[in-house]
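Novice: Below you'll find the structure I mean.
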Amino acid sequence: MKKILNYFLQGLLYIAPFGITAYIIYVLFSFTDNLLEDLLKKYLGSDIPGLGLVFIFFFLVLVGIIGSSILARPFKIFFNRLIEKAPLLKFIYSALNDLFSAFVGKERKFKKPVIVLVNPISNLEKLGFITEEDLSKLDEKEKVAVYFPHSYNFSGELFIVPKNQVRSIDVNPADLMKFIVSGGATGI
């Protein structure tokens, strides 16, 4: 029973951030779409289905512009202090924040594509990305952290591998990620 509970909690841990994000987007879309529909019917006599989605897109672009400016710094500090006081919220927020930052943030983690020799006997190699080169805190000075995305899924594995088994490749990181996630269907 304890093992089942652990699997349940592990599954919840994987699904909750995405489920919460999807739910928030759905609620925002529904609220905005209904509000705009009511306003358009009141003033124009008709509505435009899906206008809430367009509005949310432009709203998020505006938030991105403001968030990357210096004006947002006090709000970010206040928000981070608020998050620090709620452990569960902090855990979920930091996990989502790290995930999004790894893909689209200023500190992208998937910019060093590599091929790793997984099995020297069969010459089996695996495509991935170096996410951390300095593992001295783990007492692993001769190893690097390599992330291997799964095909057809937004998950992956992180391996700690000897540096001499990792070879950099000269390919666009975004193209390699698409190639891996598509199971090789997109081509490089």
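The values are calculated or read from the model by the stated rules, or taken from the named source; none is laboratory data. Small disclaimer: the values here were computed from a predicted structure and weren't measured. Note that we place each Cβ from the backbone using ideal geometry, even for glycine, and neighbour counts take in every protein chain shown.
Novice: Answer yes or no: is there a residue in segment 118-139 that is in a helix (DSSP H, G or I), surrounded by fewer than 15 Cβ atoms within 10 Å (Cβ to Cβ) and at pLDDT below 75.
Specialist: No, segment 118-139 has no match at all.
Novice: Pairs please, first residue from segment 78-102 and closer than 27 Å to Glu157 by Cβ, second anywhere and at pLDDT below 75 and among the aromatic types (Phe, Trp, Tyr), Cβ atoms under 9 Å, 6+ apart in sequence or on different chains.
Specialist: Leu96/Phe18; Leu99/Phe154; Ala102/Phe110
Novice: Also, quick follow-up: Does segment 26-58 hold any residues that are among the polar types (S, T, N, Q) and in a helix (DSSP H, G or I), and which are they?
Specialist: Residues satisfying the conditions are Ser30, Thr32, Asn34.
Novice: Return the residues of segment 15-50 that are under 30 Å from Lys90 (Cβ atoms) and free of Cβ contacts under 8 Å to residues at least 24 places away in the same chain; say none if nothing qualifies.
Specialist: Answer for segment 15-50, where residues must be under 30 Å from Lys90 (Cβ atoms) and free of Cβ contacts under 8 Å to residues at least 24 places away in the same chain: Ile15, Phe18, Gly19, Ala22, Tyr23, Ile24, Tyr26, Val27, Ser30, Phe31.
Novice: May I pose another question? Hey, can you tell me all the residues within segment 66-87 that are surrounded by 11 or more Cβ atoms within 10 Å (Cβ to Cβ), among the hydrophobic types (A, V, I, L, M, F, W, C) and in a helix (DSSP H, G or I)?
Specialist: Correct list: Ile66, Ala72, Phe75, Phe79, Leu82, Ile83.
Novice: Quick one: would you say Leu53 is in contact (Cβ under 8 Å) with a residue 24 or more places away in the chain, touching a helix residue (DSSP H, G or I) at 6+ places or on another chain (Cβ under 7 Å) and more than 22 Å from Ile92 (Cβ to Cβ)?
Specialist: Numbers: in contact (Cβ under 8 Å) with a residue 24 or more places away in the chain: yes; touching a helix residue (DSSP H, G or I) at 6+ places or on another chain (Cβ under 7 Å): yes; more than 22 Å from Ile92 (Cβ to Cβ): yes.
So Leu53 fits the description; yes.
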